[in-house]
1. Suppose every K and R has +1 on its Cβ and every D and E has -1 on its Cβ; what is the size of the dipole of the chain about the Cα centre, in Debye to the nearest 20?
2. May I ask for the net charge around residue 142, where only other residues with Cβ less than 13 Å from the Cβ of residue 142 are counted and Lys, Arg are +1 while Asp, Glu are -1?
3. Assign unit charges at the C-beta atoms only (+1 for Lys and Arg, -1 for Asp and Glu), then state the dipole size of segment 170-309 relative to its Cα centre in Debye, rounded to the nearest 20.
4. List the lysines whose Cα lies under 22 Å from the Cα of residue 206, skipping any in the same chain that are fewer than 8 positions away.
5. Of 312, 14, 166, which has the largest mean-square fluctuation in a 10 Å C-alpha GNM of the chain?
6. When the Cα atoms of the chain are enclosed in a convex hull and the volume is divided per residue, what value in Å³ results?
7. Share of segment 145-254's accessible area from carbon and sulfur, percent, 1.4 Å?
8. Rounded to the nearest 0.05, what FRET efficiency do residue 162 and residue 220 have when you use their Cβ-Cβ distance and R0 = 45 Å?
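The values are calculated or read from the model by the stated rules, or taken from the named source; none is laboratory data. Just so you know, these numbers come straight off a predicted model, no measurement behind them. Methodologically, a virtual Cβ is constructed for each residue, glycine included, from the backbone with ideal geometry; neighbour enumeration extends over all protein chains shown. Ligands, DNA and RNA are stripped out before the accessible areas are found, and what is left, the full protein with its side chains, is counted by its heavy atoms. Shrake-Rupley method; radii C 1.70, N 1.55, O 1.52, S 1.80 Å.
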Amino acid sequence: MNKQLLLIAPVFFDYYKEMIKEAEVLGYDVDYVCDAPSNTNISKALGRINKKFIEGATMKYYLKSVLPRVEKKKYDIVLIVGGMTFAFTPSMIGRIKELNPQARFVMYQWDSEKNLPYSTGIHQYIDQLYTFDLNDCEKMDKYKFLPLFYTRTYEEIGKKKIEQYDYDCSYVGTAHPQKYRDINSISNAVKDIMPKQFIYHYMPSKLKYLYHKLFAPEFKRAKLDDFKMTKLSTNEVMKIFEKSKCILDAPQAGQTGLTIRTIECLGAKRKLITTNKDIVKYDFYNENNILVFDGLIDKNASFFTSNYQDIDKKIYEKYSLREWLFYMLRGDEE
């Protein structure tokens with residue numbers, strides 16, 4: 001008989017769908033619950049500014065849609081993937097815990113604790129707490145370190161042999177202030193040697209833009225036209241990846257963990273330029289494939305002229321979504 005899994009996770013780029021597929025392959029029956037009352041841009045923007053703005057909507061969603069489902073089932077594992085949109089209060093998670101005293105509660109923090117102070121209130125209900133932020137692990141014993149993952153789709157991209165790329169480099173991501181500034185800095189610095197660029201700064205809403213415009217110095221000279229209000233689909237992002245020789249990356253402020261785009265680069269076997277200096281601490285780091293940007297570019301570096309260099313197979317496979325899930329879901333059997 002399959003084990004029962006309750007997955008609470010964000011809608012973000014449909015990663016939850018890939019998690020469900022891989023968990024089912026591992027032998028779990030999965031119930032999915034979105035981590036926020038609404039997936040609209042306005043609701044997410046308000047929730048990121050202050051959870052109090054969506055308190056009423058969250059309670060209504062919890063009482064009407066979440067609790068009735070949870071009350072009917074007995075779960076073996078409750079897996080919470082906590083990111084910027086996570087909206088449930090400690091008492092809500094506490095009630096789910098009361099209904100499932102037999103379940104092992106696992107939480108994965110998809111950001112640094114500094115950026116997710118709201119989520120720390122539910123740590124009291126968690127049996128195993130994981131994070132992708134190495135700095136948080138080094139400072140706090142409560143966390144287990146677990147980097148993010150790449151899905152099978154990026155793995156398939158990595159298997160393809162491409163003779164000519166449409167883009168020398170590309171970037172697709174949400175325009176957080178520091179990330180917006182850093183990506184533009186990289187883009188401008190490599191423009192002479194990487195002229196074919198695809199840069200897509202996604203802005204969730206005009207409200208979010210106005211908020212950054214008022215409070216973020218990085219947006220002082222930014223114009224609304226610098227951003228895209230339409231979110232690219234997962235398939236569109238993957239097509240950009242496939243057409244790109246190199247991906248640009250930068251963490252948002254307060255984050256030392258590697259972004260999921262970094263790990264997807266690994267899966268797709270694409271070169272990477274990042275501002276995250278901590279990447280040199282990881283076992284897949286290879287200076288032929290990864291360039292750490294510190295404000296200066298050596299245009300004669302072999303990074304710009306050489307092809308991607310394959311890494312050890314065991315290290316490569318360790319960062320797949322299936323291994324990521326297996327590690328957390330079978331944690332009680334380690």
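1. On the way: 51 positive and 44 negative charges, 231 e Å.
Dipole size: approximately 1120 debye.
2. On the way: positive: 139, 144; negative: 113, 127, 133, 136, 138, 141.
Around residue 142, the surrounding residues sum to -4.
3. Details: 22 positive and 14 negative charges, 105 e Å.
Charge dipole of segment 170-309: 500 debye, to the nearest 20.
4. Hits, sequence-local ones excluded: 44, 51, 52, 179, 220, 223, 228, 231.
5. 312
6. Working: hull volume 45.8 nm³, N = 334.
Per residue, the Cα convex hull of the chain comes to 137 Å³.
7. Working: 2810 of 5630 Å².
Roughly 50 percent, rounded to a whole number.
8. Numbers: r = 39 Å, r/R0 = 0.87.
According to the calculation, E is roughly 0.70.
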